[in-house]
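Peer 1: For reference, the structure I am asking about is given below.
The values are calculated or read from the model by the stated rules, or taken from the named source; none is laboratory data. As the structure is a prediction and not an experimental result, all values here were calculated from the model. Cβ placement follows ideal geometry from the backbone for every residue including glycine, while neighbour counts extend to all protein chains displayed.
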């Protein structure tokens, strides 16, 4: 099997959402798990800015960090998972654990950013309920 085809098959069968955005923040890759998690079919997500899944109150800090990473080639989180909020197509807010990586070309230039996301809404809500009950 050709490596590019195998890579696409693997990417589409990963259980976590994988989102690739170019330097301008436009979504260029949206795997099957992204569709399931965020509710937007690929046809709707591709070509849209990341604001599609970022709650309004988090957009300004997100873009500050994104733009800094695109210009410096350095991520503040350096691949460490972070808990954040995201938007589902229905408007419902999700808790997601995300990791980010810069995607660099063979010349070292930053091409964009890739994020892997896992929906942890149920776990967070369970933990909060247990804390309130205690």
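Peer 1: Out of all the residues in region 14-54, which are out of contact with any helix residue (DSSP H, G or I) (no Cβ under 7 Å at 6 or more places or on another chain), closer than 20 Å to residue 120 by Cα and loosely packed, with under 15 Cβ neighbours inside 10 Å?
Peer 2: Within region 14-54, 36 is the sole residue that qualifies.
Peer 1: Just to verify a result, which residue in region 101-134, among those that are closer than 26 Å to residue 76 by Cα and surrounded by fewer than 11 Cβ atoms within 10 Å (Cβ to Cβ), is modelled with the lowest pLDDT?
Peer 2: It comes out as 108.
Peer 1: Report those strands (runs of 3 or more DSSP E) wholly inside region 1-102 carrying at least 1 residues which are more than 14 Å from residue 119 (Cα to Cα) and without any contact (Cβ under 8 Å) to a residue 40 or more places away in the chain. Explain how you work it out, then say what you get.
Peer 2: On the way: elements: 17-22, 27-30, 82-87.
Those strands (runs of 3 or more DSSP E) span 27-30.
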